[in-house]
Each structure stands twice: as structure tokens, then as C-alpha cells.
Amino acid sequence: VKHTRSFLLGSYEVTQDQYRRVMGENPSEYRGLQNPVERVSWDDAVEFCHKLSELPEEKAAGNVYRLPTEAEWEYACRAGTETEYCFGSDISQLGDYAWSSGNSGDQPHPVGQKKPNAWGMYDMHGNVSEWCQDWHGQYASGLVVDPKGPTTGEYRVTRGGSWCLDGVYCRSAARLRYDSSFACAWSGFRVVLEQTGK
């Protein structure tokens, strides 16, 4: 995968406080203002991005928010690495970087409590699984430039493991798929900011 355009990805998963301020509600099962919002579907996450982009101060600044593509998400998660995790391939170190089934106590936790990757991204390997923009499908073979995934499909992609998944599902390349209306206590998201220069 080759990226030709720069992008800004949130250092943290969208919190319940942020979601409530934009959407006027908090659908989460495990409440905590600094916990990642969960029980949000892909449709909910896209609507959040739309409403955030329409706020007067964001429009005035030329800011447009969206979900990351799967390729953008993995690029940011890896932070220049080619190993199974951003910190290497030793799964015994996962607890330093992520909330997964091995250390979460069966619940999500406030964002940013674990170590970030080399690019300052927190919770990329766990806490809540994160929706991506793409339809689920087979990867293209050969070199691809700024891929956006299949143009149609049945399911949307989530990345990043979660508080209830084993470490093998928290790898940089791990991916799951769900219907766009599916929402559960382990699904959340982070956003990409595009600056249009208005």
C-alpha cells in the first residue's frame, strides 16, 4: 500500500463525552465520560462524523471528519513497523499497550491509559474495536495507491481488537466484519480530520 495524501487521525478513540456533546446522547453500556463510546454502529459513527463536520466552528475552519480507511488505520497502527504489533511480535508485551481479554476485567477503560505506539496513537490494539470506512472484501494484489476498499459489500470492517478479545485478534493486521447497523459493547471508532482550507 502506498499513501500519497497526508491525513490526521485521532490519537484516541472517540470518548463518551465527545459523542454526547455532538449527538446529544450516550448509547454506551459501560459508562464513563473518558471511556470510549461503544454500542455504536457503523451508521452511528458516520452520522457522528457528519454532525461534527457541520458544527459552525468546524465548517468555518474547513474541517471535515470521516472514518479512516482500513489502509489508513493499519498504517497509523503500525507506525512504521512490519511486526505483528506496533511494539514487535512478543504477545506478552500486549498488556503494556492494550486492554484485551487478558487484562481488561471484562470492561473497557478510559482512553489513553496504556502506552502509545511510536506515533503517539493510543489504544490501537485494544479497548474497543474501531469501525473503518471500508466494505469488507479481499485485498487487491500488487501495489495499491490510497486504497478505499471494495465499492460494495455486505459488511463493514472493524480493526484494533477490543477489551473482550484475545490478543491474537489485537494484531496490527487483524480485522473483523459486521453489518453496518450492528452495535455492541466492544465497538467504537476514531476519526480522520481532513482540512479543506476554507
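Quick notes on this one:
- For Asp134, residues with placed amide H under 5 Å, excluding near neighbours: Glu70, Val157
- In this structure Asp166 has an accessible area near 90 Å², from a 1.4 Å probe over the protein heavy atoms.
- Since only Thr196, Gln107, Ala76 are under comparison, the one whose Cα sits farthest along the positive direction of the charge dipole of the chain, derived from C-beta charges on Lys, Arg, Asp and Glu, is Thr196.
- Overall form of region 1-145 per C-alpha gyration tensor (a/c, 1.5; a/b vs b/c): oblate
- Test item: Cα-centred dipole of region 125-189, Lys/Arg +1 and Asp/Glu -1 on Cβ, debye: 80
- Working note: Karplus 6.51/-1.76/1.60 with θ = phi - 60° gives region 58-65 the couplings 6, 4, 4, 7, x, 8, 10, 10 Hz, where Gly and Pro are set to x.
- Overall form of region 118-164 per C-alpha gyration tensor (a/c, 1.5; a/b vs b/c): oblate
- Highest-MSF residue in the chain out of Gly142, Gly112, Gly32 [GNM, Cα springs under 10 Å]: Gly142
- Counting only heavy atoms of the protein chains and using a 1.4 Å probe, Ser11 has close to 50 Å² of accessible surface.
- Near Leu176, once Lys and Arg are set to +1 and Asp and Glu to -1 for all other residues with Cβ below 11 Å from its Cβ, the sum equals +3.
- Taking amide H atoms as placed 1.01 Å from N in the peptide plane, the amide H of Leu8 lies under 5 Å from those of Leu193, each 5 or more residues away in sequence or on another chain.
- The solvent-accessible area of Leu165, taken with every protein chain present and a 1.4 Å probe, is close to 30 Å².
- Three-way shape call for region 1-76 based on the alpha-carbon gyration tensor, with the a/c threshold at 1.5: oblate
- Accessible surface, 1.4 Å probe, highest first, among residues Thr15, Thr4: Thr4, Thr15
- The listed residues Arg171, Arg190, Arg177, once ranked by accessible area (1.4 Å probe) with the largest placed first, stand as Arg177, Arg171, Arg190.
The values are calculated or read from the model by the stated rules, or taken from the named source; none is laboratory data. For clarity, every value in this text was computed on a predicted model and none was experimentally measured. Methodologically, a virtual Cβ is constructed for each residue, glycine included, from the backbone with ideal geometry; neighbour enumeration extends over all protein chains shown. The accessibility values were calculated without ligands, DNA or RNA, using every heavy atom of the protein model including side chains. Shrake-Rupley method; radii C 1.70, N 1.55, O 1.52, S 1.80 Å.
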